[in-house]
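> Please see the structure below; I have some questions.
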Amino acid sequence: MSESVLSQILVTLADLKASQQLLSDKVDKMQVDAVLSKDDHLLGKASHYHNCAVHSDSDGDTVVSPPYEAEPALHPGIYTDKPVLTTYAGQKGVKPTKLNWGEADPKARGPIVVSHLANQINVRNAVGAYGGPYSIYRSLAVAMGDLPADHKPNFESTQPPIKIQQQPQWADASKIVSLDPFGHLTSEYYKDEIKKGLDIRPTIAITRAHMIVPELQAEIKSGGMRVDGKVIVNETGELNVHKAAVDPVWFLPGVASRLNVEEDHLRRSLFENTGGMYPELITRPDLKVFLPPIGGLTVYIFGNHELLSDPNTRLTVRVHDECNGSDVFGSDICTCRPYLVYGMKESIKEAQNGGVGLIVYFRKEGRALGEVTKYLVYNARKREGDSASKYFQRTQDVAGVKDMRFQALMPDVFHWLGVTKIDRFMSMSNMKHDALIDAGIKILERVPIPDELIPPDSKVEMDAKIAAGYFTTGAIPREEDLCRTLGRGWDDFRM
Ligand SMILES: [Zn+2]
């Protein structure tokens, strides 16, 4: 290739780069100028909703093609005229609603506002959307016309049936960083703002229920547990329980400090690893709160919830991370359901003796690696000879890490409930134990799962975990023992 052709190519490339930059600058400028500074948009009177990115700038130059009319607007005036890809701190028209994380007074703390509707986008004070992962389903319902984008929930009679006493921990911005301690009373504390039209939603809901667990029914029938009419309501084995569903609400500076990373670094990683889903993580360092699109947790309380924060009341606790295969479907490769049910049994007994029992169930499937990764690991284990000595390595090979549950955020829910001491901790996990201790919560006794509840095929996991530091009252397997703990193969599968 001649030198002149080469230099021509280089010049063309440079031109391309320059026009690319120009285009990107113009798009940015339009985001800043075109949308938020117009009062009619802020008042929700935008004329039309287009679904193509940008049409033309103020000079009339076409910035992004095609300039076709989109499908008829789903909800004219509800969204901004042009999609706002992101906002910027200090941008004209942007005035986030006051939000002071860690304030004891909910009014002074301020509501969390994440709505992207045209009349609220300028007062948003958090990144993300209400509902965690379910915000995606909401998007589908709106797209299909099943749900008006500006539907106003009717919160009448939805308030909690019990009062969770406000704790000093609620006003400690270092103790609670991953949930909103006022999240269950949003519709009460911020009713004026809601009345004015702000889309503010609860991130915690509390209710009461009866539950039936077949294993515990059998225990009751055989006399292993007694009906007291309060916690175990009747011979059928119905159990009285209060439960709270908690969506994650992250105070990013607090989450970063809990994980020992810089906030900027955390924001960049969240932005990049969600496919750039939330540009405001980068462009709005002034917004400190993020509602991540991940599953939350559920708290089950047996006994008198008012005693949870009383250090003189005995408390039995199981912290459980979701394992759908075992918890619901009875897979025998791990101890998840048996340990969960054992945790419930001991919690119920504690409550019957005047104490309180607590189950905290986190949606962190497969050590927060997800169920797809989990099954890939199962295959690798079963194909290559399932032994305790290779248990963690198999996960590491597929996922790159052994665990992504980050128990450092787990204790927040205990601070919310006012728990300062756990009498019986129904878990062998050193990570959960250490996280609670680091959070200043005392643990008086650690209770391992009894041997008779361990399914044979889950011995591989159990031995590997104990060797890696899980709590046990028994012997710690040595290296050579781990090679001898073998799981079942696939030989008994006959189709
Ligand atoms: Zn499991």
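> Would you work out the relative contact order for the chain, in percent, from Cα pairs under 8 angstrom that are 6 or more residues apart?
12 percent
> Using helices alone, what [θ] at 222 nm do you get for the chain, with -39,500 (n - 2.57) per DSSP H run of 4 or more residues, divided over all residues and rounded to the nearest 500?
-9000 deg cm²/dmol
> Sticking with this one: Treat the count of other C-beta atoms within 10 Å as a stand-in for reagent exposure and order Ser427, Ser2, Ser7 from fewest to most.
By the 10 Å Cβ count, ascending: Ser2, Ser7, Ser427.
> Also: Starting from a Cα-only point model with no solvent, please compute log10 I(q)/I(0) by Debye for the chain at q = 0.12 1/Å.
After summing over all Cα pairs, the log10 values are -1.15.
> Show the residues, 5+ positions off or on another chain, whose built amide H is closer than 5 Å to the amide H of Ile422.
Hits under the 5 Å cutoff: Lys442, Ile443, Leu444.
> Further question: Sort 85-95, 208-218, 248-258 for me by packing, meaning the mean count of neighbouring Cβ atoms within 10 Å per residue, highest on top.
On the way: 85-95: 15.7, 208-218: 13.5, 248-258: 21.8.
The most tightly packed comes first, giving 248-258, 85-95, 208-218.
> Hey, another quick one. Once a ≥ b ≥ c are taken as the square roots of the eigenvalues of the Cα gyration tensor of the stretch 72-127, is the result rounded (a/c under 1.5), prolate (a/b larger than b/c) or oblate (a/b not larger than b/c)?
Because a/c hits 1.5 or more and a/b exceeds b/c, the stretch 72-127 counts as prolate.
> In the stretch 381-454, what is the count of Lys pairs whose alpha carbons are under 21 Å apart, counting only pairs at least 8 residues apart or on separate chains?
Within the stretch 381-454, the lysine pair count is 7.
> Using the Cβ atoms and a cut-off under 11 Å, what net charge is assigned to the surroundings of Thr395, where Lys and Arg are +1 and Asp and Glu are -1?
So the surrounding residues net to +3.
> Sticking with this structure for a sec: Hey, which of these cross-link pairs are over 24 Å Cα-Cα: Lys175/Lys288; Lys82/Lys195; Lys98/Lys196; Lys107/Lys195?
Over 24 Å apart, Cα to Cα: Lys82/Lys195.
> For the pair Ala143 and Glu306, what calculated FRET efficiency results from E = 1/(1 + (r/R0)^6), where r is the Cβ-Cβ distance and R0 = 35 Å, to the nearest 0.05?
Calculated transfer efficiency: 0.20.
> Further question: Counting Lys and Arg as +1 and Asp and Glu as -1, each charge on the Cβ, what is the dipole of the chain about the Cα centre in debye, to the nearest 20?
Around 920 debye, computed over the chain.
> Continuing with this model, one more query. Under the Karplus relation 6.51 cos²θ - 1.76 cosθ + 1.60, θ = phi - 60°, what is the ordered set of whole-Hz ³J(HN,Hα) values for the stretch 408-425, x standing for Gly and Pro?
Listing the rounded values in order: 4, 8, 4, x, 3, 5, 5, 5, 4, 7, x, 6, 10, 8, 10, 6, 10, 9 Hz.
> FRET efficiency for Lys163 and Lys402, Cβ-Cβ distance as r, R0 = 30 Å, nearest 0.05?
The formula returns an efficiency of 0.15 here.
> Continuing with the same structure: Pairs of Cα atoms under 8 Å, at least six residues apart: use those to get the relative contact order of the stretch 434-495, whole percent.
Relative contact order, the stretch 434-495: 31 percent.
> Also, quick follow-up: Please give the peptides 144-155, 310-321, 365-376 ranked by average Cβ packing (other Cβ atoms within 10 Å per residue), highest first, as a rough proxy for protection.
310-321, 365-376, 144-155
> Continuing with this model, one more query. Provide the percentage of antiparallel DSSP beta bridges, counting only those with both residues in the chain; round to the nearest 5.
60 percent
> Taking H placed 1.01 Å from N in the peptide plane, check which residues at least 5 places from Ser387 or on another chain put their amide H under 5 Å from its amide H.
Close amide H contacts, sequence-distant or interchain: Gly487.
> If I take every Cα pair under 8 Å that is 6 or more residues apart in the stretch 245-341, average their sequence separation and divide by the length, what percent do I get for the relative contact order?
27 percent
> Another question, then. Which far-off residues, 5 or more places away or on another chain, put their amide H under 5 Å from the one on Asp321, with H placed in the peptide plane?
Those lying under 5 Å, H to H, from Asp321 are Phe362.
> Highest first, please rank the peptides 223-231, 178-186 by the mean number of other Cβ atoms sitting within 10 Å of their residues.
With the highest mean Cβ count within 10 Å placed first, the list reads 178-186, 223-231.
> Additional query: Give the cross-link partners of Lys230 among the lysines, using a straight C-alpha distance below 24 Å as the criterion and excluding same-chain residues fewer than 8 apart.
Lys163, Lys221, Lys243, Lys345, Lys349
> I want to check the label-to-label distance for Leu85 and Glu262. Put each point 7 Å from Cα in the C-beta direction and report it in nm to one decimal.
2.5 nm
> Then there's this: Take the alpha carbon gyration tensor of the stretch 169-227, find the square roots of its eigenvalues, order them as a ≥ b ≥ c, and report rounded if a/c is under 1.5; if not, report prolate when a/b exceeds b/c, else oblate.
prolate
We did not get these values from a lab; they are worked out from the coordinates using the rules stated. On a predicted model such as this, the values are computed, not experimentally measured, just so you know. Backbone-built Cβ (ideal geometry, glycine too); neighbour counts: all protein chains shown.
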